[in-house]
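These notes concern the structure reproduced below.
The values are calculated or read from the model by the stated rules, or taken from the named source; none is laboratory data. Note that the coordinates shown come from a computational prediction; the quantities given were computed from them, not determined experimentally. Every residue, glycine as well, gets a Cβ built from its backbone with ideal geometry; the counts of neighbours run over all protein chains shown. Note: areas computed on protein heavy atoms with side chains; ligands, DNA, RNA excluded. Shrake-Rupley method; radii C 1.70, N 1.55, O 1.52, S 1.80 Å.
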Amino acid sequence: MTHAKPLPHDAARLHVTGAARYIDDIPTPRGTLHLAFGLSAIASGRILAIDLSMVRAAEGVVAVLQAEDLPSACDCSPSAHDEPLLSDGTLHYIGQPIFLVVARSHLAARKAAQLADIAYDKTSPILTIADALAANSRFEDGPRIWERGDPFPAISDARHQLDGSIDIGGQEHFYLEGQAALVFPQENADMVVHSSTQHPTEIQHKVAHALHLPMHAVRVETRRMGGGFGGKESQGNALAIACAVAAQATGQPCKMRYDRDDDFMITGKRHDFRISYQVGFDDQGQIAGLSFRQYARCGWAQDLSLPVCDRAMLHADNAYYLPTIRIESHRLRTNTQSATAFRGFGGPQGMVGIEAVMDQIAAYLGLDPLDVRRKNYYNAPSKKGRRRTPYGQIVRDFALHEMTDRLMDTSHYMERRNAIYQWNAKNPVLKRGLALTPVKFGISFTLTHLNQAGALVHVYQDGSISLNHGGTEMGQGLFQKVAQIAASRFGVGIDLVRITATDTSKVPNTSATAASSGSDLNGMAVAAACDTIRSRIAAHLAGKYGGTPRGVIFADGRVIAADANLSFAEAAQSAYEARVSLSSTGFYKTPKLKWDRLRGAGRPFFYYAYGAACSEVVIDTLTGEYRILRADLLHDAGASLNPALDIGQVEGGFVQGAGWLTMEELVWDNKGRLQTHAPATYKIPATGDTPPVFNVDLWDAPNPEATIYRSKAVGEPPFMLGISVWSALQQAVAATGTGQVHLNAPATPERVLAAVERVRDGN
Amino acid sequence: MSKKQHYAITVNGKEEEFLAEPRELLIYTLRERLNITGPHIGCETSHCGACTVTIDGKSVKACTMFVAQANGKDITTIEGIGGPDNLHPLQNAFKEHHGLQCGYCTPGMIIRATKLLEEIPNPTEEEIRFGMSGNICRCTGYQNIVKSIQAAAAEMNAAKEAAE
């Protein structure tokens, strides 16, 4: 079967020759105009006076638009209608778009955008968690609270108690292709939009809404993105709307591509969190009661912050059974970029919270952190009890006991732990640390109605197959996986299948390609469409050659019906001549979901994906610098749809997750200006930052739930394998003295050094 | 605005003559003037490497070179080393060994790797990682990029030996 093969990415041949087209590579007609935003220089306040005469007079400028020049507020928000395209006079963060320049070239637009003369009335910005709490500046009326039992008596009755808190930084997506959109105005006021987006339907909806058009007047096409990671779920809306507005105003095609600095300054990032905890536990470290407070800096607009913070709460347990638990989640409004979706969608922050607790318990009791983790694991499926999550869903296929056993074995965890203990005793300056951490990640959109997908499949009379679905390709290999599914359904080679650009006029009302759900949802929808066509061909051939439709075999490029043995092309031709429709839609909705987010109760997830990682680091206690020496990863992709693509997701996710918790640091100054707004100051992992020993395996067991070919989603879960690096750094710091380890994330060398000094001083 | 000047550069074996402002960035010359869109714009500050090309035998980031500095020079972009039907061994290795995901960094990676393998035909993993450290990838975690370069080096060395 084609679907489980490790075939290359569908566009690999185009990528390696530079022939794969991104938005900025699409040939544009003469007269295409280029856009840039003029940005706010203050974090909070309003515009007193604005003089754009220099901007208008600049070379190449065609038009300059302010809020009052727009056909509507041109709301860009995916949720709360609180993001006007251009400032309405009030200002909420440094980088907020105030005006829009339309010019004859990209550089002319950017240069002109610098020439505005704006007088501001500044107010005191709300920047930090403390600022926001003091001002009660938040989304929703108060904290969201989920409880199971009352943890506080359980904590105070327990043998031991600990409390503490950890700060967890945000993260810039740094998709290599920045945000971009290109709009071609059509007859009848229609718009064709090319957008680098994970969510073409949202772009269609927002552009239509901004221009007072029905959705059928806007067609959005997305062939590929140069990386998304959640950063193109909602953050592309502003560019597409701006291009459509300018195209409507000028009648010319319009293109907008953020310069990298603008991309950093304007768009949202991963939410930074502070998580505080109180925990009670026994002598073995088993938790009796736990209370978390999660504080998220959401930025100036709501965007996707509510579901992000919900998912942080939903992953406060990670892999651990918590008999009594209270989670309080504060969604704080601050005068910074509006934090948005980023791979894991709050899950990683929630997980770091509980992993910090595990490490603290182990240090307090003098136990190996892995023993404490295993003591708290959910029960294996064979055992009763300890299987219910804080929100009531039963963990039915908890694979982490076996996965941990295997990873301990393949990574030689015990031998290395002991060797490191001895090595650290002999080495006063360099210290090593080793950690093995688990991941359990829930799969499905927590907004239940998003768990649906559509597909459109055509079989042509020459046997070639054209395929379209609602998912978008951002490098993850979704198109390749779905093409392999279609090839398997028809029993043909992959070369007969052509995947076409995601297009809102082919498959409507799609969900974002997000929540790791791309292949689960779209793979099923495509399979359904293929099966409809295959059944029609089978019925036709059974009628023509005898036998039953069910008895018709599609395999190895052949179609066998009774005594007839046809090529797939001959079968298609025969069906065509018999006037059989060879085109079908397909539809899928995820079963079994039932979720009440206000109560925090129900079954938000169809299933869980699991993983485990063992990382070793070495730190220099004189400078705080460190290296990752080795990583061993074991990840559950179910029955993999394409093991090569899945391993790529695991490796890339781990490195990105490790980057988040180690070197990727976002710094805002006390005026609210993001100081790390380009690669010169914001460092993502490079070739030399990955571990020299890097072993990656898939846990290749079929999904017990009936997903497409029993596979599991693999986009987000491996990101959280990176937590093992941060935990290993804590172990290395702990080896320097007797004090309590406190290592906020990202664990930059400065923070590691400070943590070492505290531990040495016994504080 | 400074006056336009006459420039002549050779790109992928083809001589190109045009008038341009001296401070036009080479990446814009390639992409917008000559429609060579394989080199991509990632950061425009020479950090990411998506725009890497070869100029007179050296790897150069085309986003931070003026067209005036490229005058009279010989430039090779990803389009110049092989097409979809005649892949360079490095192009084939990146395809077969999954050395790409979103693909945006790929042309710069491969064109940089061509120079690396000229300088060090049989590099160690460490030499590959050091030699490629000016090109960043956000998707792959680099493992398959390193493997692709190793596979291409082996294939190119074997072909060289067979020819000798």
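Considering every residue within the range A:23-35, establish whether at least one is touching a helix residue (DSSP H, G or I) at 6+ places or on another chain (Cβ under 8 Å), open to solvent by 50 Å² or more (accessible area, probe 1.4 Å) and part of a loop (DSSP other than H, G, I, E, B). So far as the range A:23-35 goes, no, none of its residues is touching a helix residue (DSSP H, G or I) at 6+ places or on another chain (Cβ under 8 Å), open to solvent by 50 Å² or more (accessible area, probe 1.4 Å) and part of a loop (DSSP other than H, G, I, E, B). Within the range A:726-763, being over 19 Å from A:R630 (Cα atoms), hydrophobic (A, V, I, L, M, F, W, C) and not in a helix (DSSP H, G or I) holds for A:V741, A:L743, A:A745. Scan the range A:630-639 for residues that are under 30 Å from A:S519 (Cβ atoms) and open to solvent by 10 Å² or more (accessible area, probe 1.4 Å) and report the count. Result for the range A:630-639: 1. Evaluation of A:V714 against the conditions (1) crowded, with 24+ Cβ neighbours inside 10 Å; (2) not in a loop (DSSP other than H, G, I, E, B) shows that the sole unmet condition is (2). Restricting the search to strands (runs of 3 or more DSSP E) fully inside the range A:215-287 and requiring at least 2 residues that are surrounded by fewer than 24 Cβ atoms within 10 Å (Cβ to Cβ) gives A:218-222, A:272-281.
The one condition from (1) in contact (Cβ under 8 Å) with a residue 60 or more places away in the chain; (2) open to solvent by less than 40 Å² (accessible area, probe 1.4 Å); (3) more than 12 Å from the chain's Cα centre (by Cα) that B:L117 does not meet is (1). Scan the range B:78-88 and tell me whether some residue there is outside any loop (DSSP other than H, G, I, E, B), open to solvent by less than 40 Å² (accessible area, probe 1.4 Å) and at the interface with chain A (Cβ under 9 Å from one of its Cβ atoms). For the range B:78-88, residues outside any loop (DSSP other than H, G, I, E, B), open to solvent by less than 40 Å² (accessible area, probe 1.4 Å) and at the interface with chain A (Cβ under 9 Å from one of its Cβ atoms): present.
Candidates in the range A:685-698 are the residues that are at the interface with chain B (Cβ under 9 Å from one of its Cβ atoms) and in a strand (DSSP E or B); of these, the one that is surrounded by the fewest Cβ atoms within 10 Å (Cβ to Cβ) is A:F694.
Yes or no, residue by residue, for (1) free of Cβ contacts under 8 Å to residues at least 12 places away in the same chain; (2) facing another protein chain (nearest Cβ under 10 Å); (3) part of a helix (DSSP H, G or I):
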{"position": "A:L634", "(1), (2), (3)": "no, no, no"}
{"position": "A:V650", "(1), (2), (3)": "no, yes, yes"}
{"position": "A:E664", "(1), (2), (3)": "no, no, no"}
{"position": "A:H677", "(1), (2), (3)": "no, no, no"}
{"position": "A:K683", "(1), (2), (3)": "no, yes, no"}
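For first residues located in the range A:532-546 and part of a loop (DSSP other than H, G, I, E, B), partners that are surrounded by fewer than 21 Cβ atoms within 10 Å (Cβ to Cβ) and not aromatic (F, W, Y) and lie 6+ apart or on another chain with Cβ distances below 9 Å form the pairs A:G546/A:A562; A:G546/A:D563; A:G546/A:A564. The sole residue among B:P39, B:P22 that is under 22 Å from B:T114 (Cα atoms) and in a loop (DSSP other than H, G, I, E, B) is B:P39. For B:P107, the criteria (1) outside the structural domain of B:R31 (by TED's automatic domain parsing); (2) open to solvent by 30 Å² or more (accessible area, probe 1.4 Å) hold in every case but one, which is (2). Restricted to helices (runs of 4 or more DSSP H) entirely inside the range A:389-491, those with at least 3 residues that are open to solvent by 30 Å² or more (accessible area, probe 1.4 Å) are A:400-410, A:413-426. When A:V101 is tested against the conditions (1) under 22 Å from A:D263 (Cβ atoms); (2) open to solvent by 10 Å² or more (accessible area, probe 1.4 Å), the lone failure is (2).
Checked against (1) at the interface with chain A (Cβ under 7 Å from one of its Cβ atoms); (2) in contact (Cβ under 8 Å) with a residue 60 or more places away in the chain; (3) out of contact with any Leu (no Cβ under 7 Å at 6 or more places or on another chain), B:M109 passes all but a single condition, namely (1).
Of note, A:T324 does not satisfy the criterion of being modelled with pLDDT of 95 or more, of a type in the set (V, I, T) and open to solvent by less than 10 Å² (accessible area, probe 1.4 Å). For the range A:618-629, indicate whether the set of residues that are open to solvent by less than 30 Å² (accessible area, probe 1.4 Å), more than 23 Å from the chain's Cα centre (by Cα), at pLDDT 95 or above and within 14 Å of chain B (Cβ to nearest Cβ) is non-empty. Yes; the residues of the range A:618-629 include at least one that is open to solvent by less than 30 Å² (accessible area, probe 1.4 Å), more than 23 Å from the chain's Cα centre (by Cα), at pLDDT 95 or above and within 14 Å of chain B (Cβ to nearest Cβ). Scanning the range B:26-45 for residues that are within 9 Å of chain A (Cβ to nearest Cβ) and either surrounded by fewer than 21 Cβ atoms within 10 Å (Cβ to Cβ) or farther than 16 Å from B:T10 by Cβ (or both) turns up B:Y28, B:R31, B:E32, B:N35, B:T37, B:G38, B:H40, B:I41, B:G42, B:C43, B:E44, B:T45.
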